[in-house]
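*Asks:* Sharing a structure, written as structure tokens. Questions coming.
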Amino acid sequence: MRTYSCLQLVIWTCIFHMVDNSTLQGKDSSHFLRRIVNLKKDEGKMLHRAKRGWMWNQFFLLEEYTGTDTQYVGKLHTDQDKGDGNLKYILTGDGAGNLFVIDENTGDIHAAKRLDREEKSLYILRAKAIDRKTGRQVEPESEFIIKIHDINDNEPKFTKDLYTASVPEMSGVGTSVIQVTATDADDANYGNSAKVVYSILQGQPYFSVDPESGIIKTALPDMSRENKEQYQVVIQAKDMGGQMGGLSGTTTVNITLTDVNNNPPRFPQSTYQFNSLESAPLGTHLGRIKANDPDMGENAELEYSIAEGEGSDMFDVITDKDTQEGIITVKQNLDFEKKMLYTLRVDASNTHPDPRFLHLGPFKDSAMVKISVEDVDEPPVFSKLSYLMEVDEDVKEGSIIGQVTAYDPDAMNNIIKYSVDRHTDMDRVFSIHSENGSIFTLKPLDRESSPWHNITITATEINNPKQSSQIPVFIRILDINDHAPEFATYYETFVCENAKSGQLIQTISVMDKDDPPRGHKFFFEPVPEFPLNPNFTIVDNKDNTAGIVTRKDGYSRNKMNTYLLPVLIFDNDYPIQSSTGTLTIRVCACDNLGNMQSCNAEALMLAAGLSTGALIAILLCVVILLTLIVLFAALKRQRKKEPLIISKDDVRDNIVTYNDEGGGEEDTQAFDIGTLRNPEAREDSKLRRDVMPETIFQIRRTVPLWENIDVQDFIHRRLKENDSDPSAPPYDSLATYAYEGNDSVANSLSSLESLTADCNQDYDYLSDWGPRFKKLAEMYGGNDSDLN
């Protein structure tokens, strides 16, 4: 192996510079370095070059190249290259072929385009050498880096084109206002291209800027907003550390001084003059005053007040929050005759003083306000704002119940006359003496109908009727016990037939139109004419109510269905008033719980109070009944139109009608049932007179077997005989047979056999049934001897 000492030193220096500025990655980088140099550990030994290794001359490239030729980057070379053109160099990686091109014969690399470090600062490429004849690699593929060196081609730029800031006025020197920031796109790690320095171009001597941080601060003490409020500051940012040749950028900062309360209010004049009529109503605005404050906002808000002293009780001052003015108003009624001129001291002070500036002086000011009172012709003035009078309701007509007084407040002291406003006394119950103001009655009073009377009295100057004033007079009518108590309501009281003695059936209460001062107290008693009622008792509950209690067991509607109970009611006021109220108590049927079921008066109501369903059912029944009647009448009429036999000699005597009621159980001659039992007594069969048969049959005589035969058997035989008789026509013959039947298990229901009972029956109760049962009572109500 040949050794090139000088060449090794140059290559090592170049490689050391490359390693110092970039980092190689991966196995290829390590292999690449191992092939370049081979260092021995022993000190003093010679540094030898590897047998095979890459060689090149440059690794850095400046951005923004402006030359006409392509920019030379570096050279790739291996010791296997004999210069005979057998090797071919190939370049791959970032930008290979378009940004970076290589001479495949010599290994020279050139930049085909202008590069910008701000777009891409580092390119990683791979290189390999190939034998043109065999096509194999003579050196393994290796990686290398091309780093773009920065140049100062970007000026600093601020984050905003316009900044807005504020700082309180009167701030001290060095008070921070705002920080501005500028950035430079150049490489901060290479040279001073990105090192920015701030300076102020406009705004001195009021403000300054920190050259490194960009913080703007105040430079003058006690700057006043009232003198100048707005400031415009221009800040410059320059790279290259501010040196010559650096690039720069600027921005504008608008700074506003905010207000603080550093100015006290001041009145523009020391004295103000206002006038007021003595008749001015309370709250009348007399004028406005204003103290000036150069501050703004809440720092300029003022509050006005009247200092203690003359006129402070007659006038008041109100602060207008919108205009910051003081409004002088009337607080009390003015009187020209008493005082014609008032002098006030009005103070104006800040509502939000700043303690930092109290040393500048008191933040208040004062002014004198003079108010002249002007005389006017005033109406009469009453001695009171209103009057309250009380009078008994039994006062006589023409009685004086009170007096009102009025006077003329003017110096002339005109005569006053009084009158009643009739719009407030339409019934003319009261009147007033026009000269002295005494009020008296014109009509009787009644507290129960009108407990209060509110009238208006008018006082008028005689010389000037336009000057008048009015005053309300409230008249209260005091109660006199002139009404008797009475039932509070109408009571519908009933008592059950099965009521027991001592049972409460009604609680009554009363009312009284009077209103005694100690309250109502009522008493209940029976009327003196009937001190002891045998049926009911009145119990006074001592609470202005009374209870009605039964005095006996059981009540009968048959004997008495309604009771009248008079109740005496009286009060305890003076004079005592009393009245008699009568309770109507009905006797009703009740269930076991005492609930009313029916009364005499309600029986009629129940019949009239049928439900809708019941009425429909009744109407339906009536319609059906009428339909049956119409059908029956139509059938009967049809029979009359078509008689079976038309003959002048038609005599129908085979139907016998008996409508005799009979003489009762004592009449034994009315009907003899023996005739029915005796067949011999019946008449011989006769030919029918209403028909003429074609053949006359001889009536067959039957064997008399009627002795000891039962009536039922007799009827059956007669039916059989008529059914088998060929001469008996099947029409126009009505045969009626009635049979009561065998003996009843309950025996006879007739009262004729009641005397044969083992024990006698008591009929004494018939005498209690009234005159209609008198005869029965005499027949059955006697003693045993009579029955025998």
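The values are calculated or read from the model by the stated rules, or taken from the named source; none is laboratory data. Fair warning: this is a prediction, and the values are worked out from it, not measured in the lab. Glycine also receives a Cβ, built like all others from the backbone with ideal geometry; neighbour counts cover every protein chain displayed. Surface areas here come from the heavy atoms of the whole protein model, side chains and all, with no ligands, DNA or RNA. Shrake-Rupley method; radii C 1.70, N 1.55, O 1.52, S 1.80 Å.
*Asks:* Tell me which residues, restricted to the range 342-369, are in a strand (DSSP E or B) and open to solvent by 80 Å² or more (accessible area, probe 1.4 Å). Break it down stepwise before answering.
*Replies:* Narrowing the range 342-369 to residues in a strand (DSSP E or B): 342-350, 364-369.
Matches in the range 342-369: ARG345, LYS364.
*Asks:* Can you go through ILE432, ILE439, ILE415 and tell me which one is within 22 Å of LYS384 (Cβ to Cβ) and open to solvent by 50 Å² or more (accessible area, probe 1.4 Å)? Before the answer, list the steps.
*Replies:* Working: ILE432 fails: open to solvent by 50 Å² or more (accessible area, probe 1.4 Å); ILE439 fails: open to solvent by 50 Å² or more (accessible area, probe 1.4 Å).
None of the others qualify; the one that does is ILE415.
*Asks:* If you don't mind, another one. Closer than 30 Å to PHE207 by Cα and open to solvent by 50 Å² or more (accessible area, probe 1.4 Å): which single residue out of GLN137, GLN179 fits that description?
*Replies:* On the way: GLN137 fails: closer than 30 Å to PHE207 by Cα.
One residue alone meets the criteria, GLN179.
*Asks:* Follow-up. Go through ASP94, ASP116, ASP161 for me and flag whichever is closer than 30 Å to ASP184 by Cα and in the same structural domain as LYS217 (by the TED database).
*Replies:* Just a single option satisfies the conditions, and that option is ASP161.
*Asks:* Which ranges mark the strands (runs of 3 or more DSSP E) fully within the range 436-482 that have 1 or more residues being out of contact with any Asp or Glu (no Cβ under 9 Å at 6 or more places or on another chain), modelled with pLDDT under 90 and of a type in the set (S, T, N, Q)?
*Replies:* none
*Asks:* If I ask for residues that are more than 29 Å from ASN154 (Cα to Cα), hydrophobic (A, V, I, L, M, F, W, C) and touching a Lys or Arg at 6+ places or on another chain (Cβ under 6 Å), which ones from the range 94-134 would you list?
*Replies:* Of everything in the range 94-134, just one residue is more than 29 Å from ASN154 (Cα to Cα), hydrophobic (A, V, I, L, M, F, W, C) and touching a Lys or Arg at 6+ places or on another chain (Cβ under 6 Å), namely ILE130.
*Asks:* Checking SER208 against (1) in contact (Cβ under 8 Å) with a residue 40 or more places away in the chain; (2) of a type in the set (Gly, Ala, Ser); (3) within 19 Å of VAL173 (Cβ to Cβ), which test does it fail?
*Replies:* Just one mismatch for SER208, condition (1).
*Asks:* If you check every pair at least six apart or on different chains, which have Cβ atoms under 6 Å apart with a residue in the range 417-432 that is of a type in the set (D, E, K, R) first and a residue that is crowded, with 16+ Cβ neighbours inside 10 Å second?
*Replies:* Cβ pairs passing all conditions: LYS417/THR460; ASP421/THR458; ASP425/ILE455.
*Asks:* Quick one: which residue in ASN86, ASN38 is farther than 25 Å from ASP187 by Cα, over 60 Å from the mean Cα position of the chain (by Cα) and at pLDDT 75 or above?
*Replies:* Only one candidate passes the filter, namely ASN86.
*Asks:* Moving on. Quick one: which residue in SER199, SER166 is outside any loop (DSSP other than H, G, I, E, B), exposed (fewer than 14 other Cβ atoms within 10 Å of the Cβ) and at pLDDT 80 or above?
*Replies:* SER166
*Asks:* From (1) open to solvent by less than 80 Å² (accessible area, probe 1.4 Å); (2) closer than 30 Å to ASN454 by Cα; (3) touching a Lys or Arg at 6+ places or on another chain (Cβ under 9 Å), pick out the condition that doesn't hold for LEU388.
*Replies:* (1)
*Asks:* Using the structure shown, decide if PRO465 is of a type outside the set (Phe, Trp, Tyr) and touching a residue at least 12 places away in the same chain (Cβ under 8 Å).
*Replies:* Values: of a type outside the set (Phe, Trp, Tyr): yes; touching a residue at least 12 places away in the same chain (Cβ under 8 Å): no.
Criteria not met by PRO465.
*Asks:* Additional query: So TYR490 ticks every box in (1) open to solvent by 50 Å² or more (accessible area, probe 1.4 Å); (2) over 44 Å from the mean Cα position of the chain (by Cα) but one. Which box is left unticked?
*Replies:* (2)
*Asks:* Identify all residues within the range 273-303 that are in contact with a strand residue (DSSP E or B) (Cβ under 6 Å, 6 or more places away or on another chain) and either more than 30 Å from GLU378 (Cβ to Cβ) or open to solvent by 70 Å² or more (accessible area, probe 1.4 Å) (or both); write none if there are none.
*Replies:* If the condition is that a residue be in contact with a strand residue (DSSP E or B) (Cβ under 6 Å, 6 or more places away or on another chain) and either more than 30 Å from GLU378 (Cβ to Cβ) or open to solvent by 70 Å² or more (accessible area, probe 1.4 Å) (or both), then GLN273, ASN275, LEU277, LEU282, HIS285, ARG288, LYS290, ALA291, ASN292, LEU302, GLU303 are the ones that fit.
*Asks:* So, one more: Where the second residue is surrounded by 14 or more Cβ atoms within 10 Å (Cβ to Cβ) and aromatic (Phe, Trp, Tyr) and the first is assigned to a loop (DSSP other than H, G, I, E, B) and modelled with pLDDT under 95 and lies in the range 272-296, which pairs have Cβ atoms under 7 Å and are six or more apart or on separate chains?
*Replies:* From residues that are assigned to a loop (DSSP other than H, G, I, E, B) and modelled with pLDDT under 95, the pairs are GLU278/PHE336; ALA291/PHE267.
*Asks:* All but one of (1) open to solvent by 30 Å² or more (accessible area, probe 1.4 Å); (2) closer than 30 Å to GLU301 by Cβ; (3) outside the structural domain of ASP347 (by the TED database); (4) not charged (D, E, K, R) hold for SER208; state the number of the condition that does not hold.
*Replies:* Among (1) open to solvent by 30 Å² or more (accessible area, probe 1.4 Å); (2) closer than 30 Å to GLU301 by Cβ; (3) outside the structural domain of ASP347 (by the TED database); (4) not charged (D, E, K, R), SER208 violates only (2).
*Asks:* Among the candidates ASP427, ASP410, single out the residue that is part of a loop (DSSP other than H, G, I, E, B), farther than 30 Å from PHE524 by Cβ, open to solvent by less than 40 Å² (accessible area, probe 1.4 Å) and charged (D, E, K, R).
*Replies:* So the residue among ASP427, ASP410 that is part of a loop (DSSP other than H, G, I, E, B), farther than 30 Å from PHE524 by Cβ, open to solvent by less than 40 Å² (accessible area, probe 1.4 Å) and charged (D, E, K, R) is ASP410.
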